[in-house]
Amino acid sequence: MALPASTNILIVGCGPAGLACAVTLAAKGHKDITIVDARPGGRTLSRAIVIHAQTIEALDTVGVAEKINARGVKAKRMVVRWQQTRLIKANFATLSERTRFPWALLISQSDTEDILEERLNELGVHVHRPYKATEMESVQGGLLVKFESGETIKARYVVGADGNRSTIRALAGIPFRDPKSGKNPHAEVVKPTDTVKKLEKKLGKELVVADVHLSGHIPPTVNPTDLGVFLSPLQFLLLVPLPPAKDDPEQRPIYRMSCPVEPGSKEVTLTYLQKVLNSALGLPDEKTPIVDTLRWASLFRVKSAVADRFHQRMGDGMVALCGDAGHVHSPAGGQGMNLGIRDAIQLGRNLSDILKRDNDPNTTPSASKAYADKKLEQYTAERRKLAVGVIKITKFMTWATGLEAPPAQRARNAFYWTIGRGSVVSKKFTLRLSGLQAAEHENVPVVA
């Protein structure tokens, strides 16, 4: 599909954030938008698998909640255990007074993207592929973006939704760094003499993510409606049920496993995953499921960083960031994609208001410019504050689940078990995971 010569809004990146921003704008009647992606087609395998209640509320405002709910598994609880002993849980049913969607939806990121793109197509907007942005400059009336193909497009507003290594963020000159250390995690220099611990400090903890099939005895603690976190002598295992693959004739349930990497290994094997599962469940062999099929697996490092600001004026044009282009952090608690989608929907609303003001014949160009600056300054302040809060809590969760010394593990378990006995802490934990505590910032209705 050929690019237009110009557009009101150019969205770079068609992951969940880019698509959600485009759907929001198109649903509000703005069709002079262009969304591009560097990938020629298909979806990138991703660790994002959970959509929380506040995000479903936001997606409902753009007409996709029904399809997403129908595709995913509705988890009733998130349970943290030490092997078979429950320590603390989040009971999503307690959210029923605050939301129409009192569950955590377990669904692959690729399915989420498919549903968002289907909705975008219904609204008359289609993704242009493959277009990799390489240059961006200020010109009269906006910004000129150049692609690897040599083609260009002029836009009044450019949305960077192109991931944590965002080209648009870099071209706009927006710093990206850990809010505590002030360092850009992508700029760390690795030395051949660096130890594993030194690499963790520089690059982040390395984890495995894998989709598998299980067979044999499935114990009650591996509940098909639980988001399960199992702590064990081997640190932790995230074990989450996902819907069967659409193209699987047997329709076997998929289980997402995430855990620390095998020391000294750069491969993910069934043998290692079975070892982690055995340790996590702490059951006799005959009562432990067999990891019989590895559908896919990947290694990744946990990084934390946030953009100094989520917008940047460049002459007559404006750049705005959403999703991983604005913030990246540990996947603990399943917060990343959720925050990114809600960034995008809020940004889409703000840009819609800005376009309406731009097109108002009674508004002067200088007044329109001032209005756009104010709206996006508010967007930056709200979204960045939420992102920094998520980074803090997910850093703590990652540290706590990754304790290796037995005395530290015992102390953590005792603390979790103690606070897990009270309903107040459980409700606060549930509310925090759901994202509903952020509702007042996001202007999304959350009443039944």
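The values are calculated or read from the model by the stated rules, or taken from the named source; none is laboratory data. The model shown is predicted, which means the values in this text are computed figures rather than measured ones. For neighbour counting, all protein chains shown are included, and Cβ atoms are generated from backbone atoms with ideal geometry for every residue, glycine included.
Summary table
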| read-out | value |
| --- | --- |
| Yes/no for residue 70 being surrounded by fewer than 21 Cβ atoms within 10 Å (Cβ to Cβ), touching a strand residue (DSSP E or B) at 6+ places or on another chain (Cβ under 9 Å), without any contact (Cβ under 8 Å) to a residue 24 or more places away in the chain and within 26 Å of residue 104 (Cα to Cα) | no |
| Residue satisfying all of: in region 259-273; hydroxyl-bearing (Ser, Thr, Tyr) and modelled with pLDDT of 95 or more; surrounded by the most Cβ atoms within 10 Å (Cβ to Cβ) among these | 272 |
| Output for region 82-141, where each listed residue is under 20 Å from residue 69 (Cβ atoms) and of a type in the set (Phe, Trp, Tyr) | 92, 101, 103 |
| Failed condition for residue 18, given (1) farther than 18 Å from residue 319 by Cα; (2) at pLDDT 95 or above | (1) |
| One residue from 19, 3, 59, 10 being surrounded by 24 or more Cβ atoms within 10 Å (Cβ to Cβ), over 19 Å from the mean Cα position of the chain (by Cα) and not basic (Lys, Arg) | 10 |
| Qualifying residue in region 157-165 (condition: part of a loop (DSSP other than H, G, I, E, B), of a type in the set (S, T, N, Q), touching a strand residue (DSSP E or B) at 6+ places or on another chain (Cβ under 9 Å) and under 30 Å from residue 287 (Cβ atoms)) | no |
| Residue pairs meeting the criteria (Cβ under 6 Å; at least 6 apart or on separate chains; first over 11 Å from residue 217 (Cα atoms), in region 279-293; second loosely packed, with under 13 Cβ neighbours inside 10 Å and small (Gly, Ala, Ser)) | 292/215 |
| Number of the exception - residue 178 against (1) surrounded by 12 or more Cβ atoms within 10 Å (Cβ to Cβ); (2) modelled with pLDDT of 95 or more | (2) |
| Residue count, region 284-299 (criterion: of a type outside the set (Val, Ile, Thr) and crowded, with 17+ Cβ neighbours inside 10 Å) | 2 |
| Selected residue (only one of 276, 302 is surrounded by 14 or more Cβ atoms within 10 Å (Cβ to Cβ), in contact with a His (Cβ under 9 Å, 6 or more places away or on another chain) and closer than 18 Å to residue 404 by Cβ) | 302 |
| Listing of strands (runs of 3 or more DSSP E) fully contained in region 4-123 that carry 1 or more residues being more than 30 Å from residue 400 (Cβ to Cβ) and in the same structural domain as residue 350 (by TED's automatic domain parsing) | 6-12, 33-36 |
| Residues being in a loop (DSSP other than H, G, I, E, B) and over 22 Å from the mean Cα position of the chain (by Cα) - total across region 286-311 | 2 |
| Residue that is nearest to residue 90 (Cα to Cα) [pool: residues in region 197-254 that are surrounded by fewer than 16 Cβ atoms within 10 Å (Cβ to Cβ) and polar (S, T, N, Q)] | 225 |
| Single residue of region 184-196 satisfying the filter (outside any loop (DSSP other than H, G, I, E, B) and at pLDDT below 80) that is surrounded by the fewest Cβ atoms within 10 Å (Cβ to Cβ) | 187 |
| Yes/no for residue 112 being under 24 Å from residue 428 (Cα atoms), in contact with a helix residue (DSSP H, G or I) (Cβ under 6 Å, 6 or more places away or on another chain), hydroxyl-bearing (Ser, Thr, Tyr) and buried (at least 16 other Cβ atoms within 10 Å of the Cβ) | no |
| Exclusive hit being closer than 21 Å to residue 80 by Cβ and assigned to a loop (DSSP other than H, G, I, E, B), set 277, 283, 273 | 283 |
| Cβ-Cβ under 6 Å pairs, at least 6 apart or on other chains, region 298-326 side within 30 Å of residue 260 (Cβ to Cβ), far side among the polar types (S, T, N, Q) and at pLDDT 95 or above | 325/166 |
| Failed condition for residue 338, given (1) out of contact with any Leu (no Cβ under 9 Å at 6 or more places or on another chain); (2) farther than 20 Å from residue 14 by Cβ; (3) not aromatic (Phe, Trp, Tyr) | (2) |
